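Report on one structure; see the data block that follows.
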Amino acid sequence: MSRAPRHIFAILAGALLFANLAAEPALADHARWRDRGPRSDQDAAREGVHNGRLLPLGEVLARIRARYRGEMIGSAQLQEISPGVSVYRIMWLTPEGRRLDIVVDARTGEILSVSG
């Protein structure tokens, strides 16, 4: 076997090894997600609103509109930031074209932070 094919084989083997090692954390994350079941943010929000633990998104958006002109862009994300503490993360577009990232306590509706 000539020198060039061995060199190419070594490069390909290294690339495959690197790809396998890089994919390992992603596969572990996928396994954790699969074990949790197919539960979306929307399902969690619906359940929380039904149980009285979370405010409906419409009420949260009304509170934001009272302070900031504009509209929500994309979809709201419900995130559990610690056990029992959830926030809505909302991307907001002002009439001036400014994009705001607004974080709201999902239980109380209090605006916790605005950036952008």
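Checking Ile102 against (1) among the aliphatic types (A, V, I, L, M); (2) over 18 Å from Ala45 (Cβ atoms); (3) in a strand (DSSP E or B), which test does it fail?
(2)
So the check is Cβ under 7 Å with 6+ separation or different chains; which pairs have a first residue in the stretch 88-116 that's closer than 18 Å to Ser75 by Cβ and a second one that's among the polar types (S, T, N, Q) and crowded, with 17+ Cβ neighbours inside 10 Å?
From residues that are closer than 18 Å to Ser75 by Cβ, the pairs are Ala106/Ser86.
Only the coordinates and a few stated rules stand behind these numbers; no lab work does. The structure presented is a predicted model; accordingly, all values stated were derived computationally and were not measured. For neighbour counting, all protein chains shown are included, and Cβ atoms are generated from backbone atoms with ideal geometry for every residue, glycine included.
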